[in-house]
């Protein structure tokens, strides 16, 4: 009986050590797909100060990817969104639709950079924005605030919509 208890104790200790010796996985908690942080703004001419005020923009938007059927946001009224970039390409195009207005497209061109995390976790792909092209139906301008897309928290792009 005492021998069985010693074997059970040895098994429990071995199991405990095996579980503790595994990687904590803190690096693995890093998200495998990073997303582009996009904030929406509009400018408004202030007649009193005779300067332009920059205001956050909340209007009903539908956003989907071109060349696939991915609808990312439908009738959203957010002033910021997160957009994934294609992992095995160097360009991603999105269509931004506002109710009853012509849709705009924005094409992001970027370089992909693989970051090796570990054998257990594999790689995460970061992106470096190199160029942006867009239509001008409802979008006034697109500004890059941080061209390196490396997480799911950063702000990378500001889109300024025209006043309508």
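Every number here is computed from the coordinates shown, using simple stated rules; none is lab data. Please read all numbers here as calculations on a predicted model, not as lab measurements. Cβ: placed from backbone, ideal geometry, glycine included. Neighbour counts: every protein chain shown.
Just a few scattered comments:
- Of the set (1) part of a loop (DSSP other than H, G, I, E, B); (2) free of Cβ contacts under 8 Å to residues at least 60 places away in the same chain; (3) on the phi < 0 side of the Ramachandran plot, all apply to residue 67 but (3).
- Qualifying positions in the range 34-58 - over 20 Å from the mean Cα position of the chain (by Cα) and not in a strand (DSSP E or B): 47, 48, 49, 50
- Subset of the range 81-92 (residues that are part of a strand (DSSP E or B) and without any contact (Cβ under 8 Å) to a residue 60 or more places away in the chain): 81, 83, 84, 91, 92
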